[in-house]
Amino acid sequence: MSDAHGRATRTARAPFDRRLLPYLMPARFALGASVALGLVATASIAAQAVLLARLVASAFPGAPAGESRVAMLAGIAVAAAVRGACGLASEVVAQRAATRVKTGLRVALVARTLVVGGPGAGELATIAGRGLDALDVYVGRSLPDLVLAGATPFVLVAVIAYEDWLSAVVVLVALALFPVFGALVGRSAGERARARWAEVATLGDHLVDLFAGLPVLRAYGRTQRERVRVEELGERLRRSSLATLKVAFLSALVLDTLASVSTALVAVPIGIRLVYGAMQLAPGLAALVVTPEVFIPLRRASAEFHESAEGLAAAAGALDILAGPGPPSARRIDLPRPVGRPVPPHVVLRSVEVRDPIRRTGPAVLGGFSLEVAAGEIVALVGPNGAGKSTALAVVLGLVTPSSGSVSVDGVELSVIDRDAWRLRCAYLPDRPTILPATLEENLRLAAPSASARDLARGVSGTCLERLVARLPDGLATPVGEGGWALSAGERQRVALGRALLRDASLYVLDEPTAHLDAETEATIVAAIGRRLDGRSALVVTHRPALLEIADRVVRIEREGVVAVPAEPGDRALARTSPS
Amino acid sequence: MSAPRSGGARRGRSADRTIALVRNVAPIGPRRLAGTLATGAAAAASNIGLLATSAWLITTASSRPPVLALSVAIAAVQAFALSRGLARYGERLAVHDLSLDVLARLRLRLYDRLEPLVPGGLPSRRSGALLSAFVADADDVGEALARGVTAAVDVSVTAVLGVALACALDLRSGAILAGGIVATGASSALLAHLGHASVGREADARAEVADVVVAAVRSAPELVAHGRTDLVVGAIAAAQSRAGSAAARGAMFAGVRRGAGVVLAAASLVAVVASGLGAYDARRLSAVALAVLVFAALASLESCAPLADALASMAAGDAGARRIAALSELEPPAPEPVLPATPPGRPAPLALVDAVVARGGGTVLDAVSVAVEPGRRVALVGPSGAGKTTAVLTLVHFLECSSGRATLGDVDLAAIARPDLRDRIGWVPEDAHVFRGSLGANLRVADPTASDDRCRRALREVGLGPWLASLDDGLETRVGSGGRPLSSGERQRLALARALLGDPDVLVLDEPTAHLDPEGGTLVLERLAGPADARGVLVVSHDPEARRHADVVVELDRGRIRARGTRDG
């Protein structure tokens, strides 16, 4: 969380991120319409002001005759109706623009994940999920208002100039002063505000953290002690937020004051010129009414700039990820399509190194790892937590592209093989399997939609799911997962294993297939795995003795870049040519 | 993700829940409120004053009086110009000060309300995320309050001053202005109320997109590997299009609100101007007074514009307020004793005797008896859903039995005060929270007085010795959110070390080795009994290793004990 905030404070400096441009293109008409509507609304404001001034002036001696009050009142009403319509339309258009941009970014992010995949998915999910919603205000409001802030003041100044050029000069001078004041306030306040926002974010995270750990605090009887900290942190957060706001509101104060002072500076000379008969009342009044309107777009843009920082940060987060290296797009060659019984592949990994695809820094997730799975061989992969076992599996499947080293299948580099064709031959059980919001049967058939009913029944019994099926109200047709029947961790694991085993693959890649199981269930499941894997290639991460027994060979993987060495080769493994 | 956080379809009537919650939980003192209102009033008054005096100045000037007659008005115009900005600045700060203060108090009350409910009394299992969500709800309430108060103060003060000024000039025009302001405000409120359901639907649709995307990203490897990305691509497109149409409906509501506000305000202005012109023609109003009336009306009607948005944003706070308010309806599953009993002498066995525990409307434990004698290791095993975690929560008194007993020695757990249980029972949940802060501070949750040496020893006992040695900052290493990322194994060992530091008589461990590799798991299990083997240990596990290390194995199935045996039997 603080990381996201940290990034927010780094990137929220410029009001616009150039990399966003391609994603704004689909929304260009909506954004253009938004600006156009803003200009029309401004014109109607000016019209209303001028008409109002003429109307009032008509009551004074010396007013030009022949102007119909009713017509002027009707004009005001029409101007208001136009402005109201603009208001309605601009909301609709702003929403459309925001939705277009968000959809584009989200689709790009998800598409990228579905191709590149790999670790760091949690952060990506946050950004692609709720994170992008923060763009609503930025795309829908701030961007059009930023453009309008540059245009509408001058339109209004032109109106003032038409009525009374001297007032227009006063307003122009004030407008010219605005960036000067803004820079003065901004330079000193900007840096301080950013530091403060970071502090506010940290304190907020701290509070959230205490709430999240409430069960632990209660277990140790520390809730009252930590309540004092909640109070103290809350108080610090309050003070620090207020201090931040003091600075943040300063630019609004400058603008407000500038607007007020300009109004006064316009009003007083007009009054004096009227006294000396140097001008007419109607233009003077019109200039007076239009003057405060000149500053409103500026104030709105500056207020929204603060509000849209969050959206900009979200966009920056998404764009950072999208700017990362994509999948290798070298020419692909198709593997020969399997005909009849699948042929078990021969997979070789040589000095494979993997780095975090999102952060691209820090130590390697998998360092200098070599492995061979001969055709029809079952290789067990063991090693301590964090050694990169799961990453090694993802590399074999082409889900993660190594930063160095090579992966080959039947002697052909994986990087030039059509990945989809390769994966058609593989079945996969990840370390954190997915249960889709669908029926249990659909979940089991995910990897093998055309499996026969008999295979399905065998899969259910092989993974000891009969009891679950019996317990479910509609058996296999019961919806499970989000919004359906909640499965326990063990059940999810077995459903996902059943799914992988149901697929008629020539390479099985299984991550801890018997974690979370009791001994009895484990024995049944190991037997089912053994039957399925017979004659196929397999790479299985496991710590369980029962599963290690069916492996031909056990490979140990060590933490921190130690090249893995084969450990205690089994009898069958010895009979093969050992990997070079 | 059920009960209190569930969707917005059944949202409350309007935005008044925020106010009700604030009134109940963090009432605002009258003096405080008066101070905030005063700054708001000053800002609003300056606004009207600036426009009205400017109008007076210019129109009076047109009758060519001596310049001296205008000097007071000139000074007033300049004063109002300066005071408007300053007063608005003051108002914004006062309002935010108020709402931040309310927020701080609200958070504290939230903490108090949540405390007796965790971990057994909230409907969701992933309590960490749920608890964080409540903090976000409180933030929403604070934000809604700030916006709501600002808009309310602006509108009411400007309206009152504008109407008063208009009435003083011409009663009929003043009445028309008052009617116009009321109509504009009422239409804003009505439209915000009507759009309320759409705000809720929009939030739900967004949440759905987020959920679908998160699920898609999480499941990406499996779907890609099996060539079934079509399953989620379709789901994302469907969720996005639903969210898009919900947002379009929401934008329509917001647009109508905005448009109606503008049109009604303008209609009121036209009516006031027409009435003023009528009064002028009837010689009831001078030309200068007409000008002042028109500009005062303009300023008061313009102040109504932000009301619509403020009312809509209060609706967002309302959803959070409702969820927080709903907490007070939940029963604490294991309340603290009113008159705590003296805890039994040490060492004392921890036991469930014929315990029946009901959760979520069903019986989860049915007549279960388990005893953890000092120095004995008990393994509680069974398939998922058998009630193992419920048994653990009952043994550490986060749940109570509806019949039967949970006892420490011969005293009911329900009668022992929580601080007295602290050094008797150590509890390590399956996904123990790691606090944001140093490694040492995380350990010292169990014992604030523990020395660095004891902390290091506890870490070594759970096999984190080499890991600790590899850290540059040792015990000062930052962990938790924003700190050094921990693997699930490290996280779990840290929680174990924390429990060991408390040096409890009995350790209750929920799946202590689920994320550990076998060597590490065995090591941990062997050391848990402590140097003198005096500690009682209850281990809940699927892991066959856990059975091997246990003196007694109790097997649960669907809430009942299926088998009971010793290590050899």
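The values are calculated or read from the model by the stated rules, or taken from the named source; none is laboratory data. Please read all numbers here as calculations on a predicted model, not as lab measurements. Note: ideal-geometry Cβ built from the backbone for every residue, glycine included; neighbour counts use all protein chains shown.
Some notes on this structure:
- Subset tally (residues that are at the interface with chain A (Cβ under 7 Å from one of its Cβ atoms) and free of Cβ contacts under 8 Å to residues at least 24 places away in the same chain) for segment B:224-244: 8
- Segment B:214-250, subset touching a Lys or Arg at 6+ places or on another chain (Cβ under 6 Å) and assigned to a helix (DSSP H, G or I), residue surrounded by the fewest Cβ atoms within 10 Å (Cβ to Cβ): B:Ala246
- Top-ranked residue in segment A:492-510 [being of a type outside the set (Ser, Thr, Tyr) and more than 10 Å from chain B (Cβ to nearest Cβ); ranked as nearest to A:Thr542 (Cα to Cα)]: A:Leu510
Residue-wise test of (1) crowded, with 17+ Cβ neighbours inside 10 Å; (2) closer than 21 Å to B:Leu350 by Cα; (3) modelled with pLDDT under 85.
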| position | (1), (2), (3) |
| --- | --- |
| B:Ala514 | yes, no, yes |
| B:Arg527 | no, yes, yes |
| B:Pro531 | no, yes, yes |
| B:Gly536 | yes, yes, no |
| B:Val540 | yes, yes, no |
| B:Arg547 | yes, yes, yes |
| B:Val552 | yes, yes, no |
| B:Leu556 | yes, yes, no |
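- Some residue of segment A:244-264 being more than 7 Å from every other protein chain (Cβ to nearest Cβ), of a type in the set (Asp, Glu) and assigned to a helix (DSSP H, G or I): no
- Flag for B:Val256 being closer than 17 Å to B:Thr59 by Cα and not acidic (Asp, Glu): no
- Any hit, segment B:399-420, residues being β-branched (Val, Ile, Thr), under 30 Å from A:Arg467 (Cβ atoms), within 14 Å of chain A (Cβ to nearest Cβ) and in a loop (DSSP other than H, G, I, E, B): no
- Among the candidates B:Leu269, B:Leu264, B:Leu307, residue that is closer than 20 Å to B:Ser198 by Cβ and in the same structural domain as B:Gly120 (by TED's automatic domain parsing): B:Leu307
- Residues that are under 20 Å from B:Ala291 (Cβ atoms) and in contact (Cβ under 8 Å) with a residue 40 or more places away in the chain, drawn from segment B:64-101: B:Arg84
- Residue tally, condition touching a residue at least 60 places away in the same chain (Cβ under 8 Å) and crowded, with 24+ Cβ neighbours inside 10 Å, over segment A:86-97: 3
- Residue within segment B:437-453 that is touching a residue at least 40 places away in the same chain (Cβ under 8 Å), surrounded by 17 or more Cβ atoms within 10 Å (Cβ to Cβ), among the acidic types (Asp, Glu) and assigned to a helix (DSSP H, G or I) present: no
- Some residue of segment B:342-355 being under 36 Å from the mean Cα position of the chain (by Cα), at positive phi and either surrounded by 22 or more Cβ atoms within 10 Å (Cβ to Cβ) or not in a loop (DSSP other than H, G, I, E, B) (or both): no
- Residues (assigned to a helix (DSSP H, G or I) and either under 14 Å from A:Arg273 (Cα atoms) or not β-branched (Val, Ile, Thr) (or both)) located in segment A:160-177: A:Ala161, A:Tyr162, A:Glu163, A:Trp165, A:Leu166, A:Ser167, A:Ala168, A:Leu172, A:Ala174, A:Leu175, A:Ala176, A:Leu177
Table: residues versus (1) of a type in the set (Lys, Arg); (2) within 13 Å of chain A (Cβ to nearest Cβ).
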position	(1), (2)
B:Val288	no, yes
B:Val292	no, yes
B:Leu307	no, no
B:Ala312	no, yes
B:Pro333	no, yes
B:Leu339	no, no
B:Arg346	yes, no
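- The residues in segment A:198-216 that are assigned to a helix (DSSP H, G or I) and within 7 Å of chain B (Cβ to nearest Cβ) can be counted, and the count is 10.
- Answer from B:Val272, B:Val256 - the residue that is among the β-branched types (Val, Ile, Thr) and at the interface with another protein chain (Cβ under 7 Å from one of its Cβ atoms): B:Val256
- Hey, B:Leu82 at the interface with chain A (Cβ under 7 Å from one of its Cβ atoms) and not small (Gly, Ala, Ser) or not: yes
- Exactly one residue out of A:Glu310, A:Glu293 is modelled with pLDDT of 80 or more and either within 39 Å of the chain's Cα centre (by Cα) or surrounded by fewer than 17 Cβ atoms within 10 Å (Cβ to Cβ) (or both), and it is A:Glu293.
- Single residue of segment B:39-70 satisfying the filter (hydroxyl-bearing (Ser, Thr, Tyr) and not in a helix (DSSP H, G or I)) that is nearest to the other protein chains (Cβ to nearest Cβ): B:Ser62
- Sole exception among (1) without any contact (Cβ under 8 Å) to a residue 24 or more places away in the chain; (2) more than 12 Å from chain B (Cβ to nearest Cβ) for A:Pro545, by number: (2)
- Qualifying residue in segment A:448-457 (condition: buried (at least 20 other Cβ atoms within 10 Å of the Cβ), touching a residue at least 40 places away in the same chain (Cβ under 8 Å) and within 13 Å of chain B (Cβ to nearest Cβ)): yes
- Tally, over segment B:421-436, of residues that are over 28 Å from A:Thr202 (Cβ atoms), surrounded by fewer than 24 Cβ atoms within 10 Å (Cβ to Cβ) and facing chain A (nearest Cβ under 8 Å): 2
- When segment A:31-79 is limited to residues that are under 41 Å from the mean Cα position of the chain (by Cα), within 12 Å of chain B (Cβ to nearest Cβ) and within 25 Å of B:Ile58 (Cα to Cα), the one that is surrounded by the most Cβ atoms within 10 Å (Cβ to Cβ) turns out to be A:Ile45.
- Which numbered condition A:Val137 misses (of (1) touching a helix residue (DSSP H, G or I) at 6+ places or on another chain (Cβ under 6 Å); (2) away from chain B (no Cβ under 14 Å)): (2)
- Taking every residue in segment B:204-222 that is facing chain A (nearest Cβ under 7 Å) and pairing it with any residue that is charged (D, E, K, R), at least 6 positions away or on another chain, the pairs with Cβ-Cβ distances below 6 Å are B:Arg206/A:Asp133; B:Ala210/A:Arg130.
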